[in-house]
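Here's the structure, in structure tokens; my notes come after.
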Amino acid sequence: MSFAAATTRVSSAGTFDNAPRIRHLTRASSRGAHGSRKIVAESSFDIVSSVDLQEVRNAIGQATKEITTRFDLKGTGSSVDLADDGIVVASSDDYKLKAVRDVLEGRLVKRKVPLKALTWGTVEKSLGGAVRQRISLQKGIPTDKAREIVKVVKGTKLKVQAAVQGDQVRVSGKNRDDLQAVIQTLRKADFGIDMQFTNYR
């Protein structure tokens with residue numbers, strides 16, 4: 001066999017047939033340096049709902065100081081206390097209790113604690129006429145709210161996935177712009193709870 005015949009093939013028309021080699025290079029170019037296909041990594045973020053307890057303590061301390069110095073609340077037994085399951089506010093009657101709540105809310109806002117993270121319980125009255133009210137602090141996203149969030153994410157029709165993971169929701173996708181669009185959509189929606197977007201990666 002001649003050198004030319006050994007190094008290339010000649011077609012019936014007398015031209016060089018390099019098609020097999022070109023096809024091979026085309027296939028190789030779609031693969032990585034080691035012959036494996038390139039995989040696009042997914043990005044994700046978590047939707048959580050939590051309260052900074054230290055800021056809550058700071059707000060309660062400031063509210064207590066204001067209550068003890070306010071003329072209209074002196075001698076009314078008004079108080080704000082941090083309990084295991086939230087906050088307890090108390091006073092001598094409904095009118096004074098509302099004033100205590102207003103003070104507390106004002107201090108919480110200044111400490112950047114979202115009021116959406118508070119769930120106000122019913123006002124309890126004692127035999128002596130004094131009243132108190134419990135306030136629950138939001139801890140995690142309730143299951144029904146998490147399902148609403150997932151539904152809204154799916155409704156965007158973007159190429160992302162949303163899944164409930166315990167008391168939070170994880171959103172993932174290959175396009176970071178899509179993830180940012182989801183965050184903007186959720187910020188505009190009102191689920192009745194405070195949400196934070198964390199662990200963006």
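What follows draws every value from the coordinates through simple rules; no lab data is involved. All values derive from a computational prediction rather than experimental measurement. So basically every Cβ, Gly included, is an ideal-geometry build from the backbone, and we count neighbours across all protein chains shown.
Of 69, 156, 64, how do they rank once you tally other Cβ atoms within 10 Å and put the fewest first? Present the calculation step by step, with values, prior to reporting the outcome.
Working: 69 9, 156 15, 64 18.
Ordered by Cβ neighbours within 10 Å, fewest first: 69, 156, 64.
Neighbour counts of other C-beta atoms within 10 Å: give me 197, 71 arranged from fewest to most.
Least to most surrounded, the residues fall as 71, 197.
Report Rg(Cα)/(2.2 N^0.38 Å) for region 53-137, keeping two decimals.
Numbers: Rg = 12.0 Å, N = 85, 2.2 N^0.38 = 11.9 Å.
After normalising by residue count via 2.2 N^0.38 Å, the value is 1.01.
Give me 104, 73, 53 ranked fewest to most by other Cβ atoms within 10 Å of their Cβ, as a rough exposure proxy. Provide the component values of the computation, followed by the final result.
Working: 104 23, 73 19, 53 11.
Going from least to most buried by this count: 53, 73, 104.
Past 28 Å, Cα to Cα, is the threshold; run 110/154; 125/188; 110/174; 65/98; 74/139; 112/174 against it and keep the listed order.
Violating the 28 Å limit, Cα to Cα: 110/154; 125/188; 110/174; 74/139; 112/174.
Please compute the volume of the convex hull spanned by the alpha-carbon atoms of region 60-201 and report it per residue in Å³.
Here the figure is 130 Å³ per residue.
Label residue 177 and residue 88 with points 7 Å out from Cα along Cα→Cβ: what is the distance between them in nm?
About 5.5 nm separates the two model spin labels.
Stretch residue 161-residue 126 to full length: gain in nm at 0.36 nm per residue minus the Cα-Cα span?
Extra length available between residue 161 and residue 126 comes to 7.5 nm.
Can you list the trypsin sites (Lys or Arg not before Pro) in region 96-157 that are in a DSSP coil and have 12 or fewer other beta carbons within 10 angstrom? Could the numbers behind the result be given before it?
Values: sites: 96, 98, 101, 107, 110, 111, 112, 116, 125, 132, 134, 139, 145, 147, 151, 154, 157; in loops: 111, 112, 139, 157.
Filter output for region 96-157: 112, 157.
Need one number: nm distance between label points at residue 98 and residue 199, each 7 Å from Cα along Cα→Cβ, rounded to one decimal.
Modelled inter-label distance: 4.3 nm.
Enumerate the aspartates and glutamates that residue 151 could reach by cross-link, defined here as Cα to Cα under 14 Å, with residues fewer than 8 away along the same chain left out.
Answer for residue 151, where 14 Å is the Cα cut-off: 190, listed by chain and number.
At a Cα cut-off below 18 Å, give the aspartates and glutamates reachable from residue 157, other chains included and same-chain residues fewer than 8 away excluded.
By straight Cα distance, residue 157 reaches 42, 148, 177, 178.
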